[in-house]
Structures are given as structure tokens and as C-alpha cells.
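In what follows, a structure is listed as C-alpha cells, so that the remarks can point back to it.
A short reminder: the numbers here are calculations on the coordinates, not readings from a lab. Everything quoted here is computed from the prediction, not taken from an experiment. Cβ sites come from the backbone with ideal geometry, for glycine too, and all protein chains shown count toward neighbours.
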């Protein structure tokens, strides 16, 4: 058996700054000439004109296809057919993580190149060479891996600032998990999404993402609420998107994202953003690790201030919802899940116990810190 290799992977080019959307055509012209732009109606309503104008200046025509909301196998196959029918040579995802993942998967199946243009900094999906695929009902189904990352990731920081601040908060939740999971993966020597064991580079970028967020996230959230671009916001956008993207993929995933995937088995959580559920996964991972209580308390207090859920109540569950919690725990520990990258064995009953315990824990920390009581979340079915 061959010895495991270390591996780090990344997108071809990363571009970030206010007004960057105006230069999309310039960067895209080095990748393809007949782009298919995929965006949902809401995103296209506020960015479509700028995309079309940029492509026109570069001598290209923007053919736009509507994204239907969930990166399911059916939606990916539909987009693959559209790419083939239009003869596009590059697929451009404009929007959030779901749009981006669907475009990566369909671009790969159609045999063309793909580009990410996130309009929010809510996930680290834009940079990666994988897609998270869900059922039509929004339940996690599988990870799909691709032989390369996007050729271009272009982030207009003013567009990110214009979006509701809750998107940025969700991105912080997703990105904070990066270091917690990378350090666990490094400790266990498990394989990462990059196809090898962790590099020093991947692990260091995961740690840098964590440090940047602890220093800047609260100030950046204020800027996002006022829809202005500041140095702190630029740093958090980069941490949420690039540092976290490289860190999770080449540093490794562990319990936090597995718990997120498990939570999709509970219909009550379906309206929540990816990063909101990941934050519950991070707290669960810290409990599973038996992390120092000061570390857990600091994490709960900080992420509550960011605006992330830190109790079951805020994701539509209760400690007494035994059946649902057990279903989440079983889904989080299936064979092949990233929870098995933890440096110790994790059973479904361990996850159920840890998940149940965070309600009292979160409430106690919030009360001592003078933070508001958690408000119940109700998913609109």
C-alpha cells in the first residue's frame, strides 16, 4: 500500500474588492468566450445589469439560466443539459453557495470550465473542488468531488456589504469551524478533501481564518449592517471565502460539518443557513472533544454576539426531541462521514448526548454574559 501524500488545492485566481463585478468580463475572457451565467431571479434582479455590461465590454454575450434553489441531482442534470444545448464553454455561478455548487457539478458533467461569483460571503463553497448535493427536500445526500477547483473566484465586496448582514454572520459560522476541524484532522492524520493528509499550508490557513475572524468579525458585522465596505469587512470576506475555503479543503473536515449534515435530517432546520447549522456543529464538536470549558464559553459568547445560533431552541429543536436528535446523530455518524476524522471514535449516542447538552450550556453562558435569551426558530413549511 502506498504511503499517503500531502496535498493542497486552490482556485486558479481569486479576485476581491468593491466594484469587482465590473471586471468579470476582463477575467472571464481568459477562460472562455461563450459563458452560461446561472443565477436565481432575486440575485439576477440586482446584479444582472452589471454582469451583462461587463461581458459586453469584453465582447461576450451573457446567456443567463435561472437556478431553481436546491443543488439536487435533478437540478444539476437539468443545468448540464442547458450547458450542452447552448454550447457554453464556461459556466458562471452568480449567487450563494447552492448556486455555486450546482454550477460546479454541472460544469464538470458537461466537460467545461467553471467560475464562482459569490454575491454573499455566507459559505466557503466558492473556492472548492467539491459540491454538496441535497435531495429535492433539502436533506444532505452526498459530496461530489471534481478534479479541479474553479478557474476564477470573483467577489465584489460592495455586493457583499449590500446583502443582509445575516449572510455574513452565517459565513463566519461556517469559517470558524474550519480551524476546529483542521486541528482535529491534523491530530488524527486523516485524509482531507484535497485527497491527501493535511499540509502545513492548509492547516495554517485554517488557523489564519480563525484569527482574522476573532479580531474582525464583530466590527465587520457593524459595517455589513450599514452596507459599507471597511477594512474589517474586507478581511472577513476573505476569511469566510478564501481562507476558510482553502482551510477546509486542504486542512480537513471533522465533526462540525458532519453534525450540520445530520441536522438536515430534521425538517425543522431546513430554513436555516448552512453556517448557522455549522455553528451548532462546532459547539457539539467542542463538547465531544471535552474542550476546556473556557474555550467553549468564549466560543458560545462570541458567536452569539456575531448573531449565530448557540442553542437547540434557535434551530427549531428541543432537548426533549429525542427521536429527532437521534436521527440527526445517526446521519452525522454514517460510514464515510467526516466525523470519523476526529482523533477518537465517535458513536451516534455520543453525538446525541453532546447535541442535547448544548441547550443548557448555551443558555447558561448567555445568561452570565448578559446576552439575550434564545428565541425559538420555526421553519415555514
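Once you order the gyration tensor axes a ≥ b ≥ c over the Cα atoms, which shape class does the range 287-332 get: rounded for a/c under 1.5, otherwise prolate or oblate by comparing a/b with b/c? Before the final figure, lay out the partial values.
Working: a/c = 2.71, a/b = 1.49, b/c = 1.81.
Verdict is oblate for the range 287-332.
Compute the Cα gyration tensor for the range 14-161, then decide on rounded, prolate or oblate, letting a ≥ b ≥ c be the square roots of its eigenvalues: rounded whenever a/c is under 1.5, prolate when a/b is larger than b/c in the other cases, and oblate in all that remain.
Details: a/c = 1.58, a/b = 1.31, b/c = 1.21.
Cα axes put the range 14-161 in the prolate bin.
Just for the chain, what percent of DSSP beta bridges are antiparallel, to the closest 5?
On the way: 6 of 28 bridges.
Close to 20 percent.
Normalised by the residues of the range 164-369, what does the relative contact order come to in percent, with Cα pairs under 8 Å and at least six apart? Don't jump to the answer; show the numbers that get you there.
Values: 364 pairs, mean separation 54.2, N = 206.
Rounded, it is 26 percent for the range 164-369.
Go ahead and collect, in residue order, the members of the range 258-274 whose backbone nitrogen is under 15 Å from a label point 7 Å along the Cα-Cβ direction of residue 330.
So the set is 262-267.
Hey, what did the chain get for relative contact order, percent, Cα under 8 Å, at least 6 apart? Spell out each step's value before the answer.
Details: 846 pairs, mean separation 60.5, N = 381.
Relative contact order of the chain: 16 percent.
With contacts defined as alpha carbon pairs under 8 Å and 6 or more residues apart, what's the relative contact order of the range 13-74 in percent? Spell out each step's value before the answer.
Numbers: 58 pairs, mean separation 26.2, N = 62.
With pairs under 8 Å counted, the relative contact order is 42 percent.
Grab the Cα-Cα distance for residue 228 and residue 357, subtract it from 0.36 nm times how many residues apart they are, and report the gain in nm with one decimal.
Values: separation 129, 0.36 × 129 = 46.44 nm, distance 3.85 nm.
Here the answer is 42.6 nm.
Give me the distance between the Cα centres of the range 36-65 and the range 256-327, rounded to whole Å.
Computed from Cα coordinates, the inter-centre distance equals 37 Å.
For the range 331-349 and the range 191-250, compute the distance between their C-alpha centroids and round to whole Å.
25 Å
With angles folded into 0 to 90 degrees, how steeply does helix 274-289 sit against the dominant principal axis of the chain? Use alpha carbons for both and round to 10.
It is inclined by approximately 40 degrees.
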